[in-house]
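The structure appears right after this line, and notes come after that.
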Amino acid sequence: MSGVPKKEVSHMKEDPFISIIIPVLNEEEAIPHFVEVVEGILEKSSCRFELLFVNDGSTDSTSDVLHQMEMSDHQIRIIEFTRNFGKEAAVTAGLEHAEGDAVIPMDVDLQDPPELILQFIEKWKEGNDVVYGKRVRRHAEGWLRRVTAGLFYGSFNLLSPFNFPSNVGDYRLMDRSVVEVIKLLPEKSRFMKGLFAWAGFHAVEIPYHRPSRSKGKSKWNYWKLWNFALDGILNFSTIPLRIWTYVGGIIALGSFCYGLVIIGQKLFFGNAVPGYPSLMTCLLFLGGIQLLSLGIIGEYIARIFNEVKNRPLYVIKKKREDN
Ligand code: UDP
Ligand code: MG
């Protein structure tokens, strides 16, 4: 790709600077524990670090908790959105404002085990551009969530032109050079895992067990997850849009052959043409297919509409006056 910045060998530095990006939405309970655990672990490494919290429009006391902690801890930085713009926007804001030689987005609920950070850094220092955590067992989640996740990864890999590792979330370490490439991508509907995979680079995986949430509740429900999966697939594949040419072609060919059969039956055997049930079935089947394909075209047009409007992905609140 042209315009890609030259790769700096940032991991050759003696005391590299690591940015941890943490999107938070109503996480007042989880933040203090998270900071304590993660700082404890990062202090074991020889790296300098920042904890860059992106407050994604929380309505509880998340903002106060963060500002209180920021006052006594210079490693904490805060970006505050004016409302909830979604986790993907929050991670994007984090990537745009992080200053580290390497960047790690992670959830605040400790479902991304912080012990892994040290292994991430080690692998990065060995020269890997991306080190990602791969969930080996999703036992903390229900079977429905596991099955739907499996279906999603399967269809994504079938439909998209590049490979996407399954059971891999946003939790990963990315070298500065990778972050710079992600920052160049202008699209508004952001499916971060897909963008990370699109960027390529040399990646290694570290398997881990994903525990349940430490505090609070998950912000996802099945409707949100469905839309997230749709975004993932439709943003990275045009196959759902193009497949209808072939489906239409096959149905047209099939009905032509069926027509020949009916004419043959009438001419040679004098059979009456089977009427109402077959007519109704064909009508409903074709009607259904037409609506489905129209719906899919609609999904793409909605995405084009979003891109064309070109609104900013998020709005940042003015910084609080220190008192
Ligand atoms: N989150 C966010 N904005 C949202 C939803 C979630 O910033 O609109 C944050 C949330 O505070 C947490 C992370 O994204 O730090 C992951 O969310 P959650 O644990 O609810 O997701 P799950 O682990 O269930 O996929
Ligand atoms: Mg979680």
Over every pair of different alpha-carbon atoms in the range 8-101, take the mean of 1/r and invert it; report that Kirkwood radius in Å.
-> 13.8
Angle, helix 222-236 long axis vs. longest principal axis of the chain, Cα atoms, 0 to 90°, nearest 10?
-> 80
Out of ILE304, ILE263, ILE79, any idea which swings most in a Gaussian network model of the chain, alpha carbons joined below 10 Å?
-> ILE263
So the angle from the long Cα axis of helix 239-264 to the longest Cα principal axis of the chain, reported in degrees to the nearest 10, equals 10
Tilt relative to the chain, helix 276-309 - C-alpha long axis, 0 to 90 degrees, to 10 | 30
Loop only per DSSP, at most 10 neighbouring Cβ atoms within 10 Å: give me the GluC sites (Glu not before Pro) in the range 126-181, ordered by residue number.
-> GLU126
Taking the dipole of the range 32-165 about the Cα centre (Lys, Arg +1; Asp, Glu -1; charges at Cβ), the one of GLN75, LEU151, PHE164 that reaches farthest to the positive side is LEU151
Arranged from highest to lowest average of other beta-carbon atoms within 10 Å per residue, in what order do the peptides 294-302, 127-135 appear?
-> 127-135, 294-302
Return the distance in nm (one decimal) between the two label points of a simple spin-label model at SER155 and SER72, each offset 7 Å from Cα along Cα→Cβ.
-> 4.9
Counting other Cβ atoms within 10 Å, keep those with at most 16, restrict to DSSP loop, and tell me which trypsin sites (Lys or Arg not before Pro) in the range 263-318 are left.
-> LYS317, LYS318
Where in the range 211-293 are there chymotrypsin sites (Phe, Trp or Tyr not before Pro) that are in a DSSP coil and have at most 13 other Cβ atoms within 10 angstrom of their Cβ?
-> TRP220
Overall Cα dimensions of the range 118-262, principal axis frame, Å, largest first | 71, 35, 26
Averaged per residue, what accessible surface does the chain expose to a 1.4 Å probe, in Å²?
-> 55
What do the square roots of 5 times the Cα gyration tensor eigenvalues come to for the chain, in whole Å, largest first, as semi-axes of the equivalent ellipsoid?
-> 49, 21, 19
Over the chain, what percent of the accessible surface lies on carbon and sulfur atoms, probe 1.4 Å?
-> 61
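The values are calculated or read from the model by the stated rules, or taken from the named source; none is laboratory data. Since the structure is predicted, the reported quantities are computational estimates derived from the model, not experimental observations. Glycine also receives a Cβ, built like all others from the backbone with ideal geometry; neighbour counts cover every protein chain displayed. To get the accessible areas, we keep the full protein, side chains included, count just its heavy atoms, and leave off ligands, DNA and RNA. Shrake-Rupley method; radii C 1.70, N 1.55, O 1.52, S 1.80 Å.
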